[in-house]
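The values are calculated or read from the model by the stated rules, or taken from the named source; none is laboratory data. The model shown is predicted, which means the values in this text are computed figures rather than measured ones. Cβ placement follows ideal geometry from the backbone for every residue including glycine, while neighbour counts extend to all protein chains displayed. Surface areas here come from the heavy atoms of the whole protein model, side chains and all, with no ligands, DNA or RNA. Shrake-Rupley method; radii C 1.70, N 1.55, O 1.52, S 1.80 Å.
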Amino acid sequence: MSGPTPIRLSEHTVEIVSDAGEGAQKAAVAFAQLCAKSGNGLWTVEIIPSEIRPPPHTTGSASGNRIRLAERERVTNAGNLADVVLAFNEMALLSRIQAGSLADDVLVLIDDQWATHDVEAYQVSYRKVLAQARERGATIVEVPLEKETLRHVEDAQQGKNMFAVGLLCALYSKDAGLLEGVIGGIFKGKSRKVIDTAVELAGAGYRYGVANLEQRFEVPASPSKVSKVAMNGNTALALGAIAAGFDLCSMYPITPATSASHALSELFEQLGGFVHQAEDEIAAIGVALGASYAGKTALTITSGPGMALKTEFQGLAVMTETPLVIVDVQRGGPSTGLPTKIEQSDLLHALYGAPGDAPKVVIAPSTIEECYYILTVARRIAEEFRMLVIVLSDANLATGQQLFDRPDVSQTPEQPPLDLSPVPLGTLPYNWDPTTGLSQRLIPGQPGGMGVTTSLNHDSDGKACYDAERNQRGHVMRSRKLAALQQTLRPPEVHGAPEGDLLLVGWGSTRGAIEEAVDIARDQGLAVSSVHIQFLSPLPPGLQDIFAKFRRVITVELNYSDDWNDPLITKENRRYGQLAWILRAATLMDIDCFARVPGRPFMPVEIVDEVNHILGDPPAIKSRTKASAGAKGVSR
Amino acid sequence: MISMLAEESLLEVCAIEQHSLDEYESEMPRWCKGCGDHGVLAALQRVLRKNNLEPENVVSVSGIGCSSRLPHYLNTYGFHGIHGRALPISTGVRLARPELPVITIMGDGDCFSIGGNHWLHAIRYNINAVVLVLDNEVYALTKMQASPTTPDGTKTNTTPHGTYLQPLNPLSAVMGMTNVSFLAQTATWLPAHLDETIEKAWNHHGLSFVRILQRCPVFMPKAFGEGGLNFPVVFLENEDGIPVHPLLRKRGETQAHDHRDINEAQRVAVSVDPAPMGLIYQNRDLPTYEDIRWQRKDRPDRATFLERLDAAVDRYTVT
């Protein structure tokens, strides 16, 4: 390899952005696979516009990926500000500046065609955006993406992205010999000509990069000894649903959940199941519930607005004690909100979104790997406890890709056939154990078990009743199951020391960023630790004991809370982040929150900033009053 | 050898237990005296007995409303769900366990109003289920509000000066849907016709949609000409249709009708006065949704399952 000596780095973050439809996402996938094959740890996340073909050459059209690659094997989140951006046009670059995604001194690789483009407005805007980036401290490298691509194909739209892959391969001093295999895999099923052209373009990009780039990097990598998979959280959920033995998933299309059903639809029929696309969200859960009632525990996958529509059926599942699993891939709300972007705003809705008192199990995967395994857990709880289990994933897990150890499918639990053995006539459909509330379910087809399953209040014989005593008893039995489940849980492990000045509490996909922030802050000498909660209902035991060992406890969440120094906000009216809300209620401790709705994952550094800010603050008690709130200055 | 086989088969025949009517009876119905729901329950029990069904192998599913209490009184497996949503639950049962016959019971508000979307799509799915809508032209359990089929001008608690709109014609709505498989109309004041209609629906493979006219004696006592006393009907006659017993001929005219002809069926479905009674449409050739889905899915054994799951994981294996 010729050219400048590469700068060795322990990690780097690069974004690739184009107009929607220009293939930056595919380029990113190819580059990510290249890095994975060479042994880098990785996290990638999609940058997705809300429309399919938004007006080109606008900030709203920017589409692509962020790739965080590292020398270490395990990367747990999308990282901080990007070090490099490869932009197909200046508006795509501008969109990433505006998103606050790029480091001030970012290295910009940008297609130079706009400098001399026939459309003068593009020339003007190109110069303006580049000037703006330079002013922030960026290094601009103009590359002839379009021009060079046109030497190989007639339509540069169909090939620029592959040239870009080659360019990145050169920039990061990767082995160009891996390109052919990676591209062949990505275009699997396409014609030989398509693949050959793509490989040729990537090679051209690589040679151009080696010959022309003045700055090159190297993030050392050593191939992993164990087999690894890379997939996004929705694919992991789909494979996990099959591994969990589900044979029916009933759904209605909704972003960002649908791709899980796409992945499942492709595989499921071969593996003994099917995806039913229902006429609406309500029917989707209704069909799942009907299947579960008939003995085949089913799954429905949705996002926030769909969860809202499913609430009446959730109450029915709870009342009839029909096992059922709902996956909510959360997005920004309320209402249509931010359909493609992350938020963790459905927690309270998942817990309480059903009429009446409707105890449910709510669990949240915190990594993409957990997305694969969580449905086995969910199904088992649903069946053993005859409960509704809600799995809260989110858009970050759904669209992010992480490397993790290849699941050993031989360990997949085997689902026993339906037990349709006869029961004595008069067997109670809710033979509640008075301590645990657990009962044996009767399944249609079991001789002797005939009777109605009703949405009305009922006693252990399943028959409707309206009196005070038996209404209370039904409530007690349904609620007691949560306590019984809680008794089986272990206290969560603390990341960092078990005591200190500040404990960060998180749930769901923020785990990687929070733990990385804790590691950074501890390196800075701060007494910070974190704990991550996977069971939101029931909460795991031991939280009070863990919290009591810290001077302050705050939740870190991607949902809304009022800031102390906002106008009109007082101790009496402040609204907290959702986990903080339930932890305050559960522990009676003064738990604060760092809750934001940026529509993107937390960057570890912004959590570190918040930690520094809190620990540099006056004692906790003062910041709780309106008078001192202004001094806190947490708004950003 | 031969005689032994004959003896065995004779024993087998004798071993088939003939179920009695009371085996399909559960608790005492709590419907009002004179309510048509009683008649539908009895007819359903007779059909189950006639077909000698094991009570444990039948699933009845209902929504919310007076008629939706029916599963409480039928000694099979029953699911009394939520308002308007019986059909998705039935679809789920059929998809998961296609060996279980399903009867879906709904009221007019339940099916045509809050459950309207499910109604139209269920017809298109064409699951194999008997779907009975017990239409008394009013919301009764909530105490007399106008339903989609309440006649124009009827005074109810939400329309004290009379309803504003023409009633919905469920028959023409069903005949307007793609993939319609079976449509019949009957009434509770015509018990023999009711029995024959449910029997016909039971033996149809596909979604058998039956609208059953019935009077609510409390809130709509004058509906259907005071429960059929003065209600003009026309019996659809076909040797393969619902038999029109001689006694019925006194209750209305008869009309020759070819229920296999979709155009004729659509014409009949649009007519409301006199109300058509009998089998309006039947198409025996339509595949059911669950048949389609089950035919297209494999049922791999454990080893094949694991092999295929492993291959699926392989697609995402990087190193």
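Data for the structure
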item	result
Separation of the residue A:497 and residue B:254 label points, Cα + 7 Å toward Cβ, nm	9.6 nm
In the B-A interface, the accessible area buried, summed over both sides, Å² (probe 1.4 Å)	5400 Å²
Residue-averaged 222 nm ellipticity for the protein assembly as shown, from DSSP H runs of 4+ at -39500 (n - 2.57), nearest 500	-11000 deg cm²/dmol
Antiparallel %, DSSP beta bridges [both residues in the protein assembly as shown], to 5	30 percent
Interchain or long-range residues, amide H under 5 Å from residue A:393's placed H	A:328, A:329, A:330
1.4 Å probe, heavy atoms, protein only - residues of region A:222-247 losing at least 40 Å² accessible area vs chain alone	A:228, A:239
√(5λ) per eigenvalue of the Cα gyration tensor, region A:1-131, largest first, Å	26, 17, 13
Alpha carbon convex hull of region B:172-315, volume per residue in cubic angstrom	176 Å³
Full-extension gain in nm, residue A:135 to residue A:175, via 0.36 nm per residue minus C-alpha separation	11.0 nm
Hz values of 3J(HN,Hα) by residue in region A:550-557 - Karplus curve (6.51, -1.76, 1.60), Gly and Pro given as x	10, 5, 9, 10, 10, 8, 10, 9
Reachable aspartates and glutamates from residue A:549, criterion Cα separation under 16 angstrom, eight or more residues apart if same chain	A:493, A:499, A:501, A:590, A:592
Set A:160/A:188; A:26/A:193; A:147/A:341; A:26/A:225; A:360/B:297 screened for pairs whose C-alpha atoms are more than 23 Å apart	A:147/A:341; A:26/A:225; A:360/B:297
Three-way shape call for region A:365-458 based on the alpha-carbon gyration tensor, with the a/c threshold at 1.5	prolate
Rounded percent of accessible protein surface that carbon and sulfur make up, region B:159-317, 1.4 Å probe	51 percent
Under 5 Å, built H, 5+ apart or other chain: amide partners of residue B:187	B:194, B:213
Dipole axis of the protein assembly as shown (+1 Lys, Arg; -1 Asp, Glu on Cβ), positive-most option in A:416, B:78, A:319	A:319
Potential extension, residue A:549-residue A:408 segment - 0.36 nm per residue separation minus Cα distance	46.9 nm
Pairwise Cα inverse-distance average, inverted: Kirkwood Rh of region A:79-142 (Å)	11.6 Å
At R0 = 30 Å, FRET efficiency that the Cβ-Cβ distance of residue A:119 and residue A:51 yields, to 0.05	0.85
Backbone N within region A:157-179 under 18 Å of label point (7 Å from residue A:188 Cα along the Cβ vector)	A:178-179
Simple spin-label estimate for residue B:218 and residue B:25 in nanometres, 7 Å along Cα-Cβ	2.3 nm
Convex hull volume of the protein assembly as shown per residue (C-alpha atoms, cubic angstrom)	226 Å³
FRET efficiency estimate (nearest 0.05) - Cβ-Cβ, residue B:124 to residue A:609, R0 56 angstrom	0.50
Nitroxide proxy distance, nm - points 7 Å out along Cα→Cβ at residue B:267 and residue A:590	8.4 nm
When the convex hull of its Cα atoms is projected in every direction, mean area for chain B (nm²)	23.3 nm²
Shielded residues, region B:85-107 - accessible-area loss of 30 Å² or more between chain alone and all protein chains, probe 1.4 Å	B:85, B:88, B:89, B:92, B:93, B:95, B:96, B:97
Computed FRET value (nearest 0.05) for residue A:72 with residue B:145, which takes r as the C-beta separation and R₀ as 51 Å	0.20
Three-way shape call for region B:74-141 based on the alpha-carbon gyration tensor, with the a/c threshold at 1.5	oblate
Probe 1.4 Å, accessible area per residue of chain A, Å²	38 Å²
Share of pairwise Cα separations in region A:164-235, more than 22 Å, in percent	36 percent
Karplus (6.51, -1.76, 1.60) ³J(HN,Hα), θ = phi - 60°, over region A:105-114, in Hz, Gly and Pro reported as x	9, 4, 8, 9, 9, 9, 4, 8, 4, 6
Gyration tensor (alpha-carbon) shape descriptor, region A:57-196, a/c threshold 1.5	oblate
Amide H contacts of residue A:458 (H built 1.01 Å from N, under 5 Å, at least 5 apart or other chain)	A:465
